[in-house]
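*Asks:* Starting off with a structure, shown below.
The values are calculated or read from the model by the stated rules, or taken from the named source; none is laboratory data. Since the structure is predicted, the reported quantities are computational estimates derived from the model, not experimental observations. As a convention, Cβ positions derive from the backbone with ideal geometry for all residues, glycine included, and neighbour counts pool all protein chains shown.
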Amino acid sequence: MKSILDFHIGSENFHHGYLLMGNLEESKKIAFETARVILDKKDKLETHPDFFYEKYDLFGIDDSHEIIGKASKRPLVGDKKVFILETNGFSIESANALLKTFEEPYEGTHFFILLPSLDDVLPTLRSRLVVINTGRGNIEPDEEKEETFEKFLKSNAEKRLEIIKEFSDDRFTAMEFLNGLEIIINKNKEKLSALNEIGRCRSFLLSRGASAKMVLEHIALALPKI
């Protein structure tokens, strides 16, 4: 079974922002590969006028203003722009300044934020991004679990609560479960409204102290049968 990012690449339906945490080298590799797909640029990505990559120690308020200014301009080639920002953390001021950009993203603009961990990221900023953990290896769902996700979506509440026990041990296992559900639901266009609920649960799951068990219990009761 494909990962969330693989699925977005295959469907050419990209989220406006991704937060890749963990292994920075692996995160950078993934971000650059995805940027090549978005911009349809197979080589010399750095020379593309609508590609921006920068590495920061601490991302500050001046950096936010620079990025917001560049993001607000129309693409020079085609209709897409990609920003890859690698940093050890965000100042509170810079994170708050970026909120509006992620709340109301410019059409065709995609961000990849590369961080070693989520510790210094404001929950309000984090909640507006798709989080992928590159330091834990492949935490995305594998083919053997696809049947489980499909069964969950077809089951009643009682059966769903039984199924989620396997995925309630920690937040990253629960994230794998939510990612798997998103991929299955994306195949059923009549039920795409369910993706909003998964997005809200994913954001809450990333909050400090969040209970994986409670989040999955909510999703078991909230999602319609598919």
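*Asks:* Please find, among 64, 91, 72, the residue that is at pLDDT 95 or above, among the polar types (S, T, N, Q) and out of contact with any Cys (no Cβ under 8 Å at 6 or more places or on another chain). Lay out the reasoning, then the answer.
*Replies:* Numbers: 91 fails: at pLDDT 95 or above; 72 fails: at pLDDT 95 or above.
Residue meeting the stated conditions: 64.
*Asks:* Okay, moving on. Which condition does residue 70 not pass, out of (1) part of a loop (DSSP other than H, G, I, E, B); (2) surrounded by fewer than 16 Cβ atoms within 10 Å (Cβ to Cβ); (3) in contact with a strand residue (DSSP E or B) (Cβ under 7 Å, 6 or more places away or on another chain), if it passes all the others?
*Replies:* For residue 70, the exception is condition (1).
*Asks:* Return the pair list, or none, for Cβ contacts closer than 7 Å from residues in the stretch 176-187 that are under 12 Å from residue 5 (Cα atoms) to residues that are surrounded by fewer than 24 Cβ atoms within 10 Å (Cβ to Cβ) and of a type in the set (Lys, Arg), at least 6 apart or on different chains.
*Replies:* So the pair list comes out as 180/145; 183/2.
*Asks:* Here's something else I'd like to know. Assess whether residue 9 counts as being within 17 Å of residue 80 (Cα to Cα) and either of a type outside the set (D, E, K, R) or not assigned by TED's automatic domain parsing to the domain that holds residue 99 (or both). Steps first, please.
*Replies:* Details: within 17 Å of residue 80 (Cα to Cα): yes; either of a type outside the set (D, E, K, R) or not assigned by TED's automatic domain parsing to the domain that holds residue 99 (or both): yes.
In short, yes.
*Asks:* Quick check on my filter: what residues within the stretch 46-59 are surrounded by fewer than 16 Cβ atoms within 10 Å (Cβ to Cβ) and under 21 Å from residue 27 (Cβ atoms)? It would help to see each step written out before you state the result.
*Replies:* As a first pass, look at the stretch 46-59 and keep what is surrounded by fewer than 16 Cβ atoms within 10 Å (Cβ to Cβ): 46-47, 49, 54-58.
Matches in the stretch 46-59: 46, 54, 55, 56, 57, 58.
*Asks:* Another question about this same structure. Could you grab me the full set of residues in the stretch 7-45 that are surrounded by fewer than 14 Cβ atoms within 10 Å (Cβ to Cβ), modelled with pLDDT under 80 and in a helix (DSSP H, G or I)? Walk me through it before giving the result.
*Replies:* Going residue by residue through the stretch 7-45, those that are surrounded by fewer than 14 Cβ atoms within 10 Å (Cβ to Cβ) are 10-13, 25, 29, 33, 40, 42-44.
Filter once more, keeping what is modelled with pLDDT under 80: 10-13, 42-43.
The answer is 10, 11.
*Asks:* Confirm whether residue 47 is among the polar types (S, T, N, Q) and either within 15 Å of the chain's Cα centre (by Cα) or closer than 22 Å to residue 5 by Cα (or both).
*Replies:* Details: among the polar types (S, T, N, Q): yes; either within 15 Å of the chain's Cα centre (by Cα) or closer than 22 Å to residue 5 by Cα (or both): no.
So residue 47 does not fit the description; no.
*Asks:* I've got another one for you. Across the stretch 68-88, what is the total count of residues that are over 20 Å from residue 30 (Cβ atoms) and under 21 Å from the mean Cα position of the chain (by Cα)? Let's see the steps before the verdict.
*Replies:* Applying the first criterion (over 20 Å from residue 30 (Cβ atoms)) to the stretch 68-88 yields 68-79.
So of that shortlist, the ones also under 21 Å from the mean Cα position of the chain (by Cα) come out as 68, 71.
Residues flagged as over 20 Å from residue 30 (Cβ atoms) and under 21 Å from the mean Cα position of the chain (by Cα) within the stretch 68-88 amount to 2.
Results for (1) under 19 Å from residue 201 (Cβ atoms); (2) part of a helix (DSSP H, G or I); (3) modelled with pLDDT of 75 or more, shown as yes or no for each residue.
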| site | (1), (2), (3) |
| --- | --- |
| 110 | no, no, yes |
| 113 | no, no, yes |
| 132 | yes, no, yes |
| 136 | no, no, no |
| 149 | yes, yes, yes |
| 158 | no, yes, yes |
